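K.L.:
One structure, as C-alpha cells, below. Some questions next.
Just so it is clear, none of the values below were taken in a lab; they were calculated from the coordinates. All of these numbers come straight from a predicted model, not from anything done at the bench. So basically every Cβ, Gly included, is an ideal-geometry build from the backbone, and we count neighbours across all protein chains shown.
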Amino acid sequence: MNKIRVRVADWQKDNAEIRRIREAVFIIEQSVPPELEWDADDDGALHFLALEGDFPIGTARLLPVGEVGRVSVLKDWRGLKVGDALMQAVIGEAEKRGLKQLMLSAQVQATAFYERLGFRVVSEEFLEVGIPHVDMVRDSAL
C-alpha cells in the first residue's frame, strides 16, 4: 500500500471523484437519498481528497463557518487511518484560516473516532436521514 496523502481539492476539477466517493459511501451504502446528499454548500466549501497514489479514496468538506461534513472513506480503505489523515488536514486548514471552533454532526458509530481528534459531544442523539447522529464541537488550539 502506498502512503496516504491528503490535498485540498478543487470542487470543479475534482467533482467527479468527490461525487464517486460520496455516492459509494452515503447513497449506495447508507441509503441517503441523492437529493439530500448534494446541496448548495458544496460550491462554497473547501473540499479535501485523500489519495492512495493517484487514486482518490476519501473526501471531506469544510464550510467557511467551521462546519465539517461529508467525511467519507471508501469501504476497502477503512481502518487504515485514511479518516485520521483527512481530519488532520481539515483541522490544520481550519487553524490556518483562524477558525476558533469546528462543528460537525457525527454518526453515533463514529463518535469515538471524532473524540480521539479532540471533538466533544454537545447534543442528544437525533436522527438525520434515518441514521443516529450527535452534534460535536472541537475548540481550536489557537
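K.L.:
Across the chain, how large is the tail of the calculated P(r) beyond 25 Å, expressed as a percent of all Cα pairs?
P.N.:
The share of Cα pairs beyond 25 Å in the chain comes to 21 percent.
K.L.:
Under a point spin-label approximation (7 Å from Cα along Cα-to-Cβ), what is the Ile131-Asp43 distance to one decimal in nm?
P.N.:
Output for this residue pair reads 2.5 nm.
K.L.:
Can you tally the net charge around Trp38? Count Lys and Arg as +1, Asp and Glu as -1, for every other residue whose Cβ sits under 12 Å from the Cβ of Trp38.
P.N.:
-3
K.L.:
To continue, here is another question. Show me, for region 94-100, the HN-Hα J-couplings you get by feeding each phi into the Karplus relation (A = 6.51, B = -1.76, C = 1.60, θ = phi - 60°), rounded to Hz, glycine and proline as x.
P.N.:
Using θ = phi - 60°, the values come out as 4, 5, 4, 7, x, 6, 7 Hz.
K.L.:
Let me know the longest stretch in the chain that avoids all trypsin sites (Lys or Arg not before Pro) found in a DSSP loop with at most 15 other C-beta atoms within 10 Å.
P.N.:
14-77
K.L.:
Remind me, relative contact order of region 4-139 in percent, using alpha carbon pairs under 8 angstrom and six or more residues apart?
P.N.:
Value for region 4-139: 20 percent.
K.L.:
With a cut-off of 14 Å, note down the residues of region 95-114 whose backbone N falls inside the zone around a label point 7 Å from the Cα of Glu67 toward its beta carbon.
P.N.:
Once the point is set 7 Å along Cα→Cβ of Glu67, 102-106 turn out to lie under 14 Å by backbone N, inside region 95-114.
K.L.:
Need the full-extension length gain, Ile27 to Lys75, defined as separation in residues times 0.36 nm minus the C-alpha distance. One decimal, nm.
P.N.:
Length difference between fully extended and current span is 16.0 nm.
K.L.:
Could you work out the mean projected area of the convex hull around the alpha carbons of region 1-61, in square nanometres to one decimal?
P.N.:
Averaging across all directions leaves 4.3 nm² for the Cα convex hull.
K.L.:
So what is the calculated 222 nm ellipticity per residue for the chain, using -39500 (n - 2.57) for each DSSP H run with n of 4 or more, over all residues, to the nearest 500 deg cm²/dmol?
P.N.:
Value at 222 nm, helices only, nearest 500: -6500 deg cm²/dmol.
K.L.:
Also, quick follow-up: Would you mind counting up the charge near Pro132? Only other residues with Cβ under 15 Å from its Cβ, with Lys and Arg at +1 and Asp and Glu at -1.
P.N.:
Net charge in that neighbourhood comes out at -4.
K.L.:
Which FRET efficiency value, to the nearest 0.05, is calculated for Gln101 and Asp54 with the Förster distance at 35 angstrom and r the Cβ-Cβ distance?
P.N.:
0.55
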